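**Q** Sharing a structure below in structure tokens format, with a few things to ask.
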Amino acid sequence: MAAERTIWERMFWSWRPESSREAGDAIVRNFLLHWFPAKVLRESLSFRYSLWLGTIAAVLFFLLTGTGVVLMFLYVPSVERAYASVKDIEHVISFGWFVRSLHRIAAHAMVAIVFLHMVRVFVTGAYKNGVAADQNRPLNWIIGILLLLATLLLSFTGYLLPWDQLAYWAITVGTSIATAAPWIGDDIRFLLLGGHEIAQNALLRFYVLHCFVLPAAVLILFSWHMWRVRKDGGLACADRLAREQKREWAAPIRSKTYSLLGIARGRTIHVETAVIDEEEHTVPASPVLVRRLFLVVLGTLVATSLLALVIRAPLEEPANPSVTPNPAKAPWYFLWLQELVALTTVRISSYTLNGAFVGGVLIPGLLILWLAIWPYLDKSSVASVGVWFPTERRRQNLVFLLIAAGILLLILTGTFMRGPYWEFYWPWEPWPEIPRRF
Amino acid sequence: MKNAKWHRRSASPSELPNPGVPDVETGSGSSASRRLFLQRVGLGALLAGLFGHVSAWVRSLFPNVLYEEPRRIKIGRPEDFAEGGTFLEERRLFVFRERNTFYAISATCTHLGCTVKMILLPQPKRVRIGEQTKEERYEFHCPCHGSKYYGDGTNYAGPAPRPLVWYKLEVAPEDGQLVVNLEETVGQDFRLTV
Amino acid sequence: MDQRRDVTWISSLGFVLFLLMGVAYWREWRPEWKAYQAEFRELVVRRFGPDRAAHVPKGVQQIWIPQLGRVDRCVTCHLGIEWKGLENAPHPYRTHPPEILQKHPITRFGCTICHGGQGYATDMRSAHATRIEHWEEPLLAAELGKTYLLSERKALLQINCNICHRYDRETKGAELINYAKRLVREKGCRACHKINGRGGVIGPDLTYVGDKSPEQYDYARLGGVKSVFAWHIAHFKNPKAMVAETVMPNFNFGSREAQALAMLVMSWKRVTLPVEYLPGAQWADRPTPEELEREQRMLTGEGAFFVKKGCFVCHEVSSLGIESAAKIGPDLANAYVDVQSRFGKTLEDFLMNPTGTMAVVLATQIPLTAEEKREAIETLKLAYRRKLERETGLR
């Protein structure tokens, strides 16, 4: 065991810190560990506060990048070859089925997790500035919204690539929702498809968006998002702690930058004088944060691998522009919009307001706008930063959760309770038999 | 606590444990060592699992089926070939007919795989290849790096390391077409008599 | 204590990951087809000995036919298709009836173009596709016939014969399709329906009715399996039972007739085929009857020798009806006397020891044996005689 440790230390940790300062230096000097601050708050490591949803989303993104690169080697983005190449991935490429299934599960999971991450940030008031200097959490919240939109688009653009009936008609419905945008709707669709029909141009565009443009955007936004977390003094729960300590110690905030998961602007890399309560509330990022991060990575990998083994990725008939499957559904995260567009056509005497506009553009547009500006309208006090369901923010949390639940309900209805001709069926009711050729 | 000795051993175990190694002092002897053992096995399984993931991804890049031409190709009926050499562009192959004998020479340069060109000589040239002296009417020259081969494929100039490959010719029993077998190379004395 | 728990979690999840990967690897390394290949190898060892078993292919096998846009992996398990001596072996090892393969070599046609099924697949359920979702071409075999209670179960295969043979009047082996085509002629379907561009407009155009999607039929009055094929059978037996307001007369077709006709209409699909796959299609430039006759005369007449040996490329032999496209050399009708004046030797001498261009030609292009040379001399003499005869005849 001694020999093992020696080898380990020789390879990875050739030197042992003698002081906190040395330990901090060591972390700052190491490229990989430099991602993290020298010390982190115990509270921000807890599963109870953050549920680690943002980290899981990032892990899923990197898992998707890995499996995606493998799939890029195997998939051919042409109308003639796309479907056959996916069939090959399913049937004759070793582990092709597994990699594809993993990619699909991780993609669906990422949409869900990013959404849940947003819910968590909202209900804990984590988009609010706390007590530390130079915070701009509302900006980070907006970056987060952009990341959610990018995630949805990534998943949506990936949907078309297998070029089967499911893909083709989900994209037909999805891009038709875009045409409901006033004035520019038709142009958006024309640009997105590179024509009026979903054909080779559309496939290539979706492919490039899916494999390069959107992942690059996510990577940049993600880096910015993380950088802002550091600049904002770590997770919002740090502000709660700082506030509590302020009551106890009345120490100047500026001197606590080190305890707030980061190094404040304009400082040298040298560690500042630690205050006593740091011993109690913080732990060194290496190995504690590294280990917990690894645990989260592993947990995500295990969960997606398990689901990938249980749920095989579907592949329907080859895309057939002349036959619409009954029912034709958008991908699940757009099904609430599909429900809305089916429900919200408004007729006032002879004037008809198309549901595609109300449900497809107006409502989601207003929702996003409301989300983006809410941090600036939320006038609750610093006391409700980084706290789950604070009484002060009870009403807005309730409204937010009701909207989220409504969206979820619409998605569940669309997914499980809509049958042929968009008729309503309870999950236990059988659909009429779908006719076949033979 | 300024300048306090920051040392893993001196910190309290709950805060600063060693990575991957639990503190043996906290548990009673045998249960601690059992836990240690199980953890080690678990970490081993973890490494194996991660390795399994990565190798599955890498394995998927080695195709199991290929969309390629078969290696045994029918090239036409013997009587459809003219006397002398015929270049089959798509197959990168020269087929030679001398009355009723046939042989096939690959047009792939043995240096770096360019397609050699058959050069008809203005007048027959006598060359010495090994022991024999032959009279030849054509040669093969490679456009990429200037390798030169005699009419029987023997390299004599340029960077080419080996003579051009000769492939086996057969007659298909079902329809009498010539079949070239790209899997099987033959010597320069090979002749198929039809 | 949190930290120790993390390590415990990591190692437990490590176990789980290991197990999951174990499942993935197990699935990957134990596919159905490996069992079939092993069993086939045993069968070959039993029947033909271990030497031939070494030739049994390993791994996924496929036939790729780019012209038809198909890749068929059926041969991964159906290993005995081209083996002789496995005619009575169980499926999937049985020898394919060889007669049909002579005209439809497997390397040019593959399997699914005739048999249906999903060529991409490598497991039986997906490959045969008789009862799976998302694949519209099931294996047209007995299993499918059984679900329709057909009396001629295996005949379903003939649907696919008619994809290429749709313009044939009779196709050998496709008896039920032939029968249906005869019914179409006898019952005068074209009075109301347009088929292949010919016919009336009272009923719908049936040229591509096989492509019509299942959603487009009304199954309200159809019992049992809701499928296009079942609908057609029921409709042929009694049109009004399926479409109440139809004007199509009831022909009182029996089961056999209804099956045959349903198969025929199912085969009327829009399939783009390369011309070399269309039976009876003309894709060579055919000579006219006059050209054919002239060619025949030259090949079988008295001057046939000059055609066979290629002399006619340069020389015409006017007295024997041999024409030359190039006419580079002199007319050989005169050769018997002409050689003497040109080369100063007799024809016999000249052919045995030629000089000039003819020396090169006879050495490289047209090698003649001594006997052939004698034949040449005799024929040239004959040509000269014929010339004299004609001239005297004219005089």
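The values are calculated or read from the model by the stated rules, or taken from the named source; none is laboratory data. Everything quoted here is computed from the prediction, not taken from an experiment. Counting neighbours? That spans all protein chains shown, and the Cβs are built from the backbone with ideal geometry, glycine included.
Let's see how each residue does on (1) more than 30 Å from A:TRP97 (Cα to Cα); (2) touching a helix residue (DSSP H, G or I) at 6+ places or on another chain (Cβ under 7 Å):
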{"residue": "B:ARG34", "(1), (2)": "yes, no"}
{"residue": "B:PHE51", "(1), (2)": "no, no"}
{"residue": "B:VAL54", "(1), (2)": "no, no"}
{"residue": "B:LEU66", "(1), (2)": "no, no"}
{"residue": "B:PHE102", "(1), (2)": "yes, yes"}
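Rundown of residues vs (1) outside any loop (DSSP other than H, G, I, E, B); (2) closer than 26 Å to B:ARG71 by Cβ, yes/no style:
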site: C:TYR36; (1), (2): yes, yes
site: C:GLU39; (1), (2): yes, no
site: C:ARG47; (1), (2): yes, no
site: C:ARG52; (1), (2): yes, yes
site: C:PRO57; (1), (2): no, yes
site: C:ILE81; (1), (2): no, yes
site: C:ARG108; (1), (2): yes, yes
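**Q** If I filter region C:255-269 for residues that are outside the structural domain of C:GLU378 (by TED's automatic domain parsing) and assigned to a loop (DSSP other than H, G, I, E, B), do I get at least one hit?
**A** Yes: region C:255-269 contains one or more residues that are outside the structural domain of C:GLU378 (by TED's automatic domain parsing) and assigned to a loop (DSSP other than H, G, I, E, B).
**Q** Further question: Are there any pairs with C-beta distances below 7 angstrom linking a residue in region A:201-213 that is within 11 Å of A:GLY158 (Cα to Cα) to a residue that is among the hydroxyl-bearing types (Ser, Thr, Tyr), with the two at least 6 apart or on different chains, and if so which?
**A** Filtered contacts from region A:201-213: A:PHE206/A:THR157; A:LEU209/A:THR157; A:HIS210/A:THR157.
**Q** Next up: Could you please find all residues in region C:353-364 being outside any loop (DSSP other than H, G, I, E, B) and either surrounded by 14 or more Cβ atoms within 10 Å (Cβ to Cβ) or in contact with a His (Cβ under 8 Å, 6 or more places away or on another chain) (or both)?
**A** Passing the criteria: C:MET358, C:VAL361, C:LEU362.
**Q** In a helix (DSSP H, G or I), within 24 Å of B:PHE81 (Cα to Cα) and of a type in the set (Phe, Trp, Tyr), is that true of C:PHE350?
**A** So C:PHE350 fails the test.
**Q** Quick test for you: out of B:PRO143, B:PRO70, pick the one residue that is within 16 Å of B:TYR167 (Cβ to Cβ), exposed (fewer than 14 other Cβ atoms within 10 Å of the Cβ) and within 25 Å of the chain's Cα centre (by Cα).
**A** Of B:PRO143, B:PRO70, the one residue that is within 16 Å of B:TYR167 (Cβ to Cβ), exposed (fewer than 14 other Cβ atoms within 10 Å of the Cβ) and within 25 Å of the chain's Cα centre (by Cα) is B:PRO70.
**Q** Moving to a separate point now. Name the residue that is nearest to C:GLY14 (Cα to Cα), counting only residues in region A:299-312 that are touching a Leu at 6+ places or on another chain (Cβ under 9 Å) and more than 7 Å from chain C (Cβ to nearest Cβ).
**A** Per the stated criteria, the residue is A:THR300.
**Q** Answer with yes or no whether C:VAL247 is under 33 Å from the mean Cα position of the chain (by Cα) and of a type in the set (A, V, I, L, M).
**A** In short, no.
**Q** Among the helices (runs of 4 or more DSSP H) lying completely within region A:290-391, list those that include at least 2 residues that are of a type in the set (Ser, Thr, Tyr) and in the same structural domain as A:VAL99 (by TED's automatic domain parsing).
**A** So the answer is A:290-310.
**Q** Restricting the search to region C:285-306, which residues are in contact (Cβ under 8 Å) with a residue 60 or more places away in the chain and in a helix (DSSP H, G or I)?
**A** C:PHE305, C:PHE306
**Q** Could you tell me which residue of region C:110-124 is farthest from the other protein chains (Cβ to nearest Cβ), considering only residues that are assigned to a helix (DSSP H, G or I) and not aliphatic (A, V, I, L, M)?
**A** Only one residue fits best here, namely C:CYS114.
**Q** A further question follows. Hey, does region A:150-161 have a residue that's more than 18 Å from A:ALA106 (Cα to Cα) and not acidic (Asp, Glu)?
**A** no
**Q** Restrict the check to region B:122-131 and report whether at least one residue is in contact (Cβ under 8 Å) with a residue 40 or more places away in the chain and either within 23 Å of the chain's Cα centre (by Cα) or in a strand (DSSP E or B) (or both).
**A** Within region B:122-131, not a single residue is in contact (Cβ under 8 Å) with a residue 40 or more places away in the chain and either within 23 Å of the chain's Cα centre (by Cα) or in a strand (DSSP E or B) (or both).
**Q** I'd like the full set of residues that are within 14 Å of chain B (Cβ to nearest Cβ) and either surrounded by 14 or more Cβ atoms within 10 Å (Cβ to Cβ) or in contact (Cβ under 8 Å) with a residue 60 or more places away in the chain (or both), limited to region C:40-64.
**A** C:VAL60, C:GLN61, C:GLN62, C:ILE63, C:TRP64 - these are the residues of region C:40-64 that are within 14 Å of chain B (Cβ to nearest Cβ) and either surrounded by 14 or more Cβ atoms within 10 Å (Cβ to Cβ) or in contact (Cβ under 8 Å) with a residue 60 or more places away in the chain (or both).
**Q** Can you say whether C:GLN67 is touching an Asp or Glu at 6+ places or on another chain (Cβ under 9 Å), more than 30 Å from A:LEU293 (Cα to Cα), touching a residue at least 60 places away in the same chain (Cβ under 8 Å) and in the same structural domain as C:GLY116 (by TED's automatic domain parsing), as far as the supplied structure shows?
**A** Here the answer is yes, as C:GLN67 does meet what is asked.
**Q** Moving on to the next point. What residue, of B:ARG8, B:ARG99, B:ARG35, is in contact with a Gly (Cβ under 9 Å, 6 or more places away or on another chain), at pLDDT below 90 and within 9 Å of another protein chain (Cβ to nearest Cβ)?
**A** So the residue among B:ARG8, B:ARG99, B:ARG35 that is in contact with a Gly (Cβ under 9 Å, 6 or more places away or on another chain), at pLDDT below 90 and within 9 Å of another protein chain (Cβ to nearest Cβ) is B:ARG35.
**Q** Can you give me the ranges of the helices (runs of 4 or more DSSP H) entirely in region A:191-285 with at least 1 residues that are more than 28 Å from the chain's Cα centre (by Cα), at pLDDT 50 or above and more than 28 Å from A:THR55 (Cα to Cα)?
**A** Passing ranges, in order: A:200-208, A:236-249.
**Q** Right, something else. Based on what the data block shows, is A:ILE143 in contact with a helix residue (DSSP H, G or I) (Cβ under 7 Å, 6 or more places away or on another chain) and more than 14 Å from every other protein chain (Cβ to nearest Cβ)?
**A** yes
**Q** Taking only pairs six or more apart or across chains, which ones have beta-carbon atoms under 8 Å, a first residue in region C:10-39 that is within 18 Å of B:TRP57 (Cα to Cα) and modelled with pLDDT of 95 or more, and a second residue that is among the β-branched types (Val, Ile, Thr) and part of a helix (DSSP H, G or I)?
**A** From residues that are within 18 Å of B:TRP57 (Cα to Cα) and modelled with pLDDT of 95 or more, the pairs are C:LEU17/A:VAL302; C:LEU20/A:VAL302.
**Q** Another question, if that's okay. Does A:TYR376 count as within 30 Å of A:LEU41 (Cα to Cα) and either over 24 Å from the mean Cα position of the chain (by Cα) or surrounded by fewer than 12 Cβ atoms within 10 Å (Cβ to Cβ) (or both)?
**A** yes
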